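The block underneath contains the structure these notes are about, expressed in structure tokens.
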Amino acid sequence: MKHEYEFIGKTLFFPEKGILVIGDLHIGYEHALMESGILLPEQQVQEAIVDMEAVFEKVKKQRQKIKKVVFLGDIKHFFSYEWKEKSNFVKVMYFLKTHVDAKNIVIIKGNHDTMNLGFDFQDYHIDSGIAFLHGHEVFPEVLGKEVRTVVSGHLHPSVILSENPGVKSESYKCFLTGHSQGKEFIVVPSFSEFYEGTPVNNYREEFVESFSIIPRKDILKFKIHIVGEDVVYDFGTVKDL
């Protein structure tokens, strides 16, 4: 079945509309780790920009064009004010504005975005029957009749794979796709390399029901698409893990 979207690395792209979707950045997570005593070089934002540049280059090689960029919220990590988060996001925006008109950069408000960092945040964004929101809170317009596809972040989906139980395991970011509430849903992984995500292997009922707008009974039927180095792999459904 041919979809109107494609996975490019950790991003979601709608070729015909030229819309690129970027999941939770969590700028500041690196500093949170530092505050906990973990020594790290300050490279979170630079790595994010490098990853974004690679996406733009791939789209260009496919003779396609990115006309709009949608951030799915949780731009920042700290719930309180942290000055470096703003200055670092300015760097991200400066990069994007060299590729996309500023008016076509949409920033959705996530539950971590208690400060707007000086930019305009939206609760949701609807374009050509596709609704974009963070995923911690639902809005009536998002489930309206004109919307057929809902794109969200928030859950930071990932998968833990083990060669031998109890011996070696690795975590991989993943997309989730499925149907819920009469809509097609696509859950986008966190864009931050510093935060692998929350394993769908361990979607406890109380966690999903209290944390997501998608009921657990529906998420269990969602398909998993694991982000590899150069390709995204289909990996069955959540309930089959």
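The values are calculated or read from the model by the stated rules, or taken from the named source; none is laboratory data. No experiment lies behind these values; they were computed from the predicted model shown. Backbone-built Cβ (ideal geometry, glycine too); neighbour counts: all protein chains shown. These area figures cover heavy atoms from the full protein model, side chains too; ligands, DNA and RNA do not enter into them. Shrake-Rupley method; radii C 1.70, N 1.55, O 1.52, S 1.80 Å.
With a 10 Å radius around each residue's Cβ, average the other Cβ atoms per peptide and rank 147-160, 48-61, highest first.
Working: 147-160: 22.6, 48-61: 15.7.
Packing proxy ranking, top to bottom: 147-160, 48-61.
With all protein chains present, calculate the accessible area of Ile105 using a 1.4 Å probe and round the result to the nearest 10 Å².
Solvent-accessible area, nearest 10 Å²: 20 Å².
Mind ranking His125, His26 by accessible surface for me, highest first, 1.4 Å probe? Intermediate results must be reported in sequence, preceding the final value.
Numbers: His125 30, His26 10 Å².
Largest accessible area first, the list is His125, His26.
So for the pair Asn111, Val90, with labels modelled 7 Å out along Cα→Cβ, what separation do we get in nm?
The two pseudo-label positions are separated by 3.0 nm.
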